[in-house]
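The values are calculated or read from the model by the stated rules, or taken from the named source; none is laboratory data. Nothing here was measured: the structure is a model prediction, and the numbers come from that model. When we count neighbours, we look across all protein chains shown, and the Cβ atoms used for this are built from the backbone with ideal geometry, even at glycine.
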Amino acid sequence: MITQATILQQVPNAGELPLLGSSLGFARDGLTLRLRLSSQYPDIRRFHILGQSIVAFDRPDWAQLILTDRMLDFERLDAVSDRSRPVLGYGLVTALNRSFRPQRRMMQPAFNHSRVAAYGEAMVADTMRTQAG
């Protein structure tokens, strides 16, 4: 029988400090840590922050599979959501699967292809204005 623990053991684990994991690197410069781990483990990697095991991946096809096609097979951890809610609030990022679907349905129209294209145009125009001073 394949279990979640069996699968996690197969995911490359970042070299980390005992007990602290990647917490210090994340606190110092989270972006640099993420970029370093992405270059070492381009598809998928596992690291630990505040005692929680985190699996991150960079493949769009896996994002499609995990976030939409088989969303109910990948439950977010209550502990992670509970710890991040004071900072991130109650929304799509911290929602567990049982409350995620209604929020996703409510937000979905904002991510229509034509709307996303318009957002891109607005971001480019704003960047150009900012650079022009």
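The table below gives the values:
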item	result
Residue within region 74-94 that is touching an Asp or Glu at 6+ places or on another chain (Cβ under 9 Å), at pLDDT below 85, of a type in the set (S, T, N, Q) and more than 30 Å from Gln40 (Cα to Cα) present	no
Residue in region 54-74 that is of a type in the set (S, T, N, Q) and in contact (Cβ under 8 Å) with a residue 12 or more places away in the chain present	no
Residue list for region 101-114, filter: of a type in the set (D, E, K, R) and surrounded by 11 or more Cβ atoms within 10 Å (Cβ to Cβ)	Arg101, Arg104
Residue identified as more than 13 Å from the chain's Cα centre (by Cα), outside any strand (DSSP E or B) and at pLDDT below 80 among Arg98, Arg115	Arg98
Selection within region 33-70 - assigned to a loop (DSSP other than H, G, I, E, B) and surrounded by 11 or more Cβ atoms within 10 Å (Cβ to Cβ)	Tyr41, Pro42, Asp43, Leu50, Gly51, Asp58, Arg59
